[in-house]
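The values are calculated or read from the model by the stated rules, or taken from the named source; none is laboratory data. Everything quoted here is computed from the prediction, not taken from an experiment. Here the Cβ positions follow ideal geometry from the backbone for every residue, glycine too, while neighbour counts run over all protein chains shown.
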């Protein structure tokens, strides 16, 4: 079973080589597809200078996470595709746990939940409240019972992911993909994961504006699509 690990990256010069090394150490046959979203902090240079064992793709302007994943789709050749953030909040040591429902033939899509008992760094209260609100709204419209719709760890049978036309460019990817796999009738599983969160001084990018945008995307892709 071959894994395609898709890493969207924007301004992660301090972490990109470490996360690539962690992915390389995961005990599976794999391809690593990194999409640099027009970083301006030297990330692109690091990828070009350390390209062995990865397929690096580059945007000429910043477009967002969803756009980066859309760029990667034609290059996926593995049977299972994993979305891997370029920071160090999610650890590739979780891969065996994440892909097991697919390997066992019971799942088409697996979400790694930060709220089902895995080790996690204690951080922002209002972030957790916002996540619960967004996940609840998404669940109401998809009729799913996810605990963490916004998780950065989403795993797909590649043939399922390739059937989906990704329209949103930024963090709207999360509610969009959730709405679409629900409408497709995919078998969706959640597994608990550990979460090494970071704060804004360490480079965290998502903010309250992305939360409001998520509500827009949830309504758009569940009601108007």
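Summary table below
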item	result
Test: residue in the range 188-203 that is under 23 Å from residue 71 (Cβ atoms) and either at pLDDT below 95 or surrounded by fewer than 18 Cβ atoms within 10 Å (Cβ to Cβ) (or both)	yes
Test: residue 6 is in a strand (DSSP E or B), in contact (Cβ under 8 Å) with a residue 12 or more places away in the chain, touching a strand residue (DSSP E or B) at 6+ places or on another chain (Cβ under 9 Å) and buried (at least 17 other Cβ atoms within 10 Å of the Cβ)	yes
Residues satisfying the stated conditions in the range 38-55, i.e. touching a strand residue (DSSP E or B) at 6+ places or on another chain (Cβ under 8 Å) and surrounded by 14 or more Cβ atoms within 10 Å (Cβ to Cβ)	38, 39, 43, 44, 47, 54, 55
Any hit, the range 125-140, residues being surrounded by 13 or more Cβ atoms within 10 Å (Cβ to Cβ) and outside any helix (DSSP H, G or I)	no
Residue 174 vs. criteria crowded, with 21+ Cβ neighbours inside 10 Å and out of contact with any helix residue (DSSP H, G or I) (no Cβ under 6 Å at 6 or more places or on another chain)	yes
Total residues in the range 20-40, condition under 19 Å from residue 64 (Cβ atoms), under 16 Å from the mean Cα position of the chain (by Cα) and not in a strand (DSSP E or B)	1
Given (1) out of contact with any helix residue (DSSP H, G or I) (no Cβ under 8 Å at 6 or more places or on another chain); (2) in a loop (DSSP other than H, G, I, E, B), index of the condition residue 11 fails	(1)
Tally of residues being surrounded by fewer than 20 Cβ atoms within 10 Å (Cβ to Cβ) and in contact (Cβ under 8 Å) with a residue 24 or more places away in the chain across the range 57-66	5
Scan of the range 102-124 for residues that are at pLDDT 90 or above and crowded, with 16+ Cβ neighbours inside 10 Å, ordered by number	102, 107, 108, 109, 110, 111, 112, 113, 114
Single residue of the range 72-85 satisfying the filter (outside any loop (DSSP other than H, G, I, E, B) and buried (at least 20 other Cβ atoms within 10 Å of the Cβ)) that is nearest to the chain's Cα centre (by Cα)	83
Filter result for the condition that a residue is in contact (Cβ under 8 Å) with a residue 40 or more places away in the chain, in contact with a helix residue (DSSP H, G or I) (Cβ under 6 Å, 6 or more places away or on another chain) and over 28 Å from residue 36 (Cα atoms), over 107, 81, 179	107
Pairs, first at positive phi in the range 157-170, second in a loop (DSSP other than H, G, I, E, B) and surrounded by fewer than 18 Cβ atoms within 10 Å (Cβ to Cβ), C-beta under 9 Å, six or more apart	none
Candidate set from the range 41-67 (those that are touching a helix residue (DSSP H, G or I) at 6+ places or on another chain (Cβ under 9 Å) and assigned to a helix (DSSP H, G or I)); member that is nearest to residue 178 (Cα to Cα)	66
Within the range 154-171, tally of residues that are surrounded by 16 or more Cβ atoms within 10 Å (Cβ to Cβ) and in contact with a strand residue (DSSP E or B) (Cβ under 9 Å, 6 or more places away or on another chain)	8
